[in-house]
Amino acid sequence: MTMLERIMVVEDDPDILDIFEMSLAMLGGFDVTLCENAREALERIPLSEPQLIVLDVMLPELSGPDALPMIRALPGGSRRVIVIMTARASAQGRAAYLDLGADEVLFKPFEPTELPGVLRAVWDARQQRA
Amino acid sequence: MGSQFWESSAPSDSFSVLIVEDDGPTRTMLAKLVGRTGLFTVLESSTAAGARNVIAERSVDLVLLDMGLPDANGLDLLEIWQQRLTSDEFVVIVVSGLDDEQRMIESLRLGAHDYLLKPIRPQILMAKVQNAARFHVANRAARQLSQHLSAVVDSVPDGLLVMDASGRIIWCNDHLESMFGRRGGTSTGLDAATLIAPSTTSFKEDDRQIRPSGGVLLEDLGRRRRLVGHHADGHTFPVDLMAAGLLGNEGRFVTIIRDMSESERVAELERNFVSIVSHELRTPLTSVSGSLSLLAATEANRLSESGGRMLDIARRNVDRLNRLIGDILDLEKLASGKLSVDLKPEPLLPLLHDTVEMESAGSQAKHIRIRQVIGRALDDNTYVLVDGDRFRQIVANFLSNAMKFSPEGGEITVCAEALDDGHVRISVTDHGPGIPESFRHRVFQPFSQAEHPSNRRKGGTGLGLSIVKALAECMNGEVGFDSTPGEGSTFFVILLCQRGLAGTGEGAA
C-alpha cells in the first residue's frame, strides 16, 4: 500500500496555515505544500503532486467547494484524496460535501497533535476502498 | 375631496386677455368692453409680430385674434401656437367677417376655442369671453391636478400597476418598470404574471402561452403577500404584493409591488447573527487552540512548573470557549427550528453502552466508578426512535454534570428501565450535593448556573441542560430530574421505545 507522504493545505488564514504546517510537517513528518487560495492550489498541484489535499471551505474568490471539481479535473485528480475543512459543523453540510466528491469532512477547530493520525487514517481507508 | 396640496402656478385674479386687432377703433372698443368687467387684465396688439412678442414675454390666458392682420394670416399664427394650444397655455377666440366661414372652420380645427363674427355684438362677445375664461381655468386646474397626481404616483418608492381581471397590465409607474428592469412603457399590455417567478404562485407555464395568468395575483385582494419577483435579466428577488379593486372601475385592479431585497437581507442577517458571530469566533479560536496544543505537545518539557500550569489553564479555557460556541450554535438552531434530527430506530443498549464508554474517560481523574443498571424488560431487541448523535449528546451531558458534582471516589449510576406505557427511561444518578430548592425551577433554563457562584467554577457552558431539554423534545421525548440536597441528583430522559422490530431488517439482526 502506498504511504501518505505529500499533503497540500489550502487555507486563507495565515495563522491557521502555520498551525497546519507545524502539525503536518513538524509532528507528522509529511512533505507539506501550503496555499493561501484555490487558484494558487490549482497552479501548484501539477508541480508538487500532493496525494492528499486539505481544502478550506471559505476561501477568497474561489471557494473550496467550487474548486473541488476543478482539482478533480486535473490529471490524476481521481486518485487524490480531498478533505474539506469547515468551521460550520453540521451533518447536512457534511453530507453535501461528500456528495460533491470530498473524501472526508473535518470540522474546525481541529486538534493539531491528532491531525497527522486522522489524515493517515483517511488516506488508508481510501486506499483500501480503491 | 381633500385640500389642494400643490401650489397653483397662476393666481386666479390675474386672468389676462390679449386683443390682436389692426383696426384701431375696433381694438379700443374690444379693450373697453373686456376691461369693463374688472375681471381681466387687458393687453393689446395691432400686429401678429406684436402678439407673438407678448405671448413670448408674459403669461396670457385668452387671445382675441382678428383673422385679417396686415403682417400675417390668423391661421398661420394658430399653427405657430399649436404646441401652446394643445398644452392649454391659453385659449383663442378668432374674430372674423361673415364671408369667412371656411377660414373659421379651419381655425377651429387648428385649436381655436370659439369664434366671433363682425360686426361684434357686445353681449355675445362678453358671453363668449367669459365661457372661454371658465373653460380655460377649469382646464388648467384639471391639468395641474393630473400633473401633481402623476408626480405623486411617480414619487412613490414602490411599483404601482393597474391590471384587468385577466392580469393584463393596463398602466404602471416608472418605479415598477425600473424595479423589473423593463424599459419605459414596454410593460403595458404585458401579462402581470411575467413579473413573478412561476414557482411562487399557481401559474401554469402552459396556460401562460394561451391567456394571461396574472389574474392569480388577484387571489388575495387587500392582503399583502410575499412572492418572488422576476427581473427582466432573469434574476429573482423577494417582493411584497398587494392588490385592490380600482375604485369606480369594475374589473380593474391597482397593485402595489415593493422590492423587499434590502429588508430581506437585513432580516436574514438578524436571523443569522448569532450563527455568523459564532462561526467568526471559531477562526481565531482555531489558531489559539491549535497553537496551545502544539505548544503542549512539543515544548511542555521546557516550560517551568508555573509555565506549564498557565498553559493548562489556557488550554482548558479555550476548550471551554469552544464548547460554549458549539452550545450557542446548537441552542440557536433549536430556537430557530433549524436543527434537524434524523430519527431512526437505534438499538438502545449498545448505544447507551458506547456513550458511557466514551464519556467515562473524565471519571478516572476523580476515581469515580460508573455502574450500569439495565432493567430486566430490556434486551438487544429494544429500540428507541432517536437521532443517535443527539442521544449520545443528552446522555454525555448528564454524565459530565454528574462527574462535575460527584465527590472524589464517588459512584455514578446509569440506569435504563422500561416504563409501563411503552417508554424507556434512561437516568444518570450522582451522589453529589444535590440541587438547592431555590434553583430547581430553572435547572433547564440557559445560563441559569451563572447565577450560582459555586457552580461557575465547574467549567460548564451553562447551556448544556437547556440544549438537552430541547433535543429530547425534538425526539418526542422529555427530560426531568429528582434531587435530594446532600444525597445527590438523578437526571433522566424518557423516550418512546420500540420492541421487536421484526421485518425492518435491523430488528431481526
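The values are calculated or read from the model by the stated rules, or taken from the named source; none is laboratory data. Since the model is a prediction, treat every value here as computed from it, not as a measurement. No Cβ is skipped: glycine too gets one built from the backbone with ideal geometry, and neighbour counts run over all protein chains shown. These area figures cover heavy atoms from the full protein model, side chains too; ligands, DNA and RNA do not enter into them. Shrake-Rupley method; radii C 1.70, N 1.55, O 1.52, S 1.80 Å.
Compute the normalised compactness of the stretch B:34-119: alpha-carbon radius of gyration over 2.2 N^0.38 Å, N being the residue count.
1.04
If I model a spin label as a point 7 Å beyond the Cα along the Cα-Cβ vector, how far apart are those points for B:Q364 and B:S304 in nm?
Each label point is offset 7 Å from its Cα along the Cβ direction, giving 3.2 nm.
Can you give me the % of accessible surface on the stretch A:1-85 that is carbon or sulfur? Probe 1.4 Å, all protein chains present, nothing else counted.
Carbon-and-sulfur percentage of accessible area, whole number: 51.
What's the longest bit of chain B with no exposed GluC sites (Glu not before Pro), using DSSP loop states and at most 14 other Cβ atoms within 10 Å as the test?
Result for the longest clean stretch: B:8-218.
Please calculate the 1.4 Å probe accessible area of B:R168, with all protein chains present, and give it to the nearest 10 Å².
About 90 Å², ignoring ligands and nucleic acids.
Round to the nearest 0.05 the FRET efficiency obtained for B:R84 and B:R224 when R0 = 45 Å and r is the Cβ-Cβ distance.
That pair, B:R84 with B:R224, gives E of 0.45.
With all protein chains present, how much of the accessible area of chain B (probe radius 1.4 Å) comes from carbon and sulfur, to the nearest whole percent?
52 percent
Lysine pairs in the protein assembly as shown with alpha-carbon atoms under 23 Å apart, 8 or more places apart or on different chains: how many are there?
For the protein assembly as shown, the number of qualifying lysine pairs is 14.
Any idea of B:W81's accessible area? Nearest 10 Å², probe 1.4 Å.
Probe radius 1.4 Å; accessible area of B:W81 about 10 Å².
Just which residues of the stretch A:83-130 lose 50 Å² or more accessible area with every protein chain there, against their chain alone, with the probe set to 1.4 Å?
Those residues are A:A87, A:R88, A:P109.
Extension gain A:E111-A:R72, at 0.36 nm per residue separation less the Cα-Cα distance, in nm?
Here the answer is 11.3 nm.
Kindly tabulate the residues in the stretch A:1-48 with an accessible-area decrease of at least 10 Å² between the chain alone and the assembly of all protein chains, using a probe of 1.4 Å.
A:D13, A:D15, A:I16, A:I19, A:M22, A:M26, A:L27
Using a ≥ b ≥ c from the Cα gyration tensor of the stretch A:6-129 (square roots of the eigenvalues), is it rounded, prolate or oblate, where a/c under 1.5 gives rounded and otherwise the larger of a/b and b/c decides, a/b for prolate?
Rounded is the answer for the stretch A:6-129, as its axis ratio a/c remains below 1.5.
With the solvent-accessible surface defined on protein heavy atoms using a 1.4 Å probe, which residues belonging to the stretch B:267-294 display a reduction of at least 40 Å² in accessible area in the multichain context relative to the isolated chain?
B:H279, B:R282, B:T283, B:T286, B:S287, B:S293, B:L294
Under a 1.4 Å probe, what is the accessible area of the stretch A:6-129 per residue, stated in Å²?
45 Å²
With every protein chain kept in the model, how would you rank B:V54, B:V356 by accessible area, 1.4 Å probe, largest at the top?
B:V54, B:V356
In square angstrom and rounded to 100, what buried accessible area do you get between chains A and B, total over both, with the probe at 1.4 Å?
Buried area (both sides, nearest 100 Å²): 1500 Å².
Tell me the mean residue ellipticity at 222 nm calculated for the protein assembly as shown from its helices only (DSSP H runs of n ≥ 4, each -39500 (n - 2.57), averaged over every residue, nearest 500).
-13000 deg cm²/dmol
How much accessible surface does A:T33 have with a 1.4 Å probe, in Å² rounded to 10?
20 Å²
Roughly how many Å² is the accessible area per residue of the stretch B:9-87, as a whole number, for a 1.4 Å probe?
Here the residues of the stretch B:9-87 average 48 Å² of exposed surface.
Using a 1.4 angstrom probe with every protein chain in place, what is the largest-first accessible-area order of B:H136, B:H113?
My answer, sorted largest first, is B:H113, B:H136.
Please arrange B:D220, B:D158, A:D99, B:D420 by accessible surface area, largest first, computed with a 1.4 Å probe and ligands excluded.
B:D420, A:D99, B:D220, B:D158
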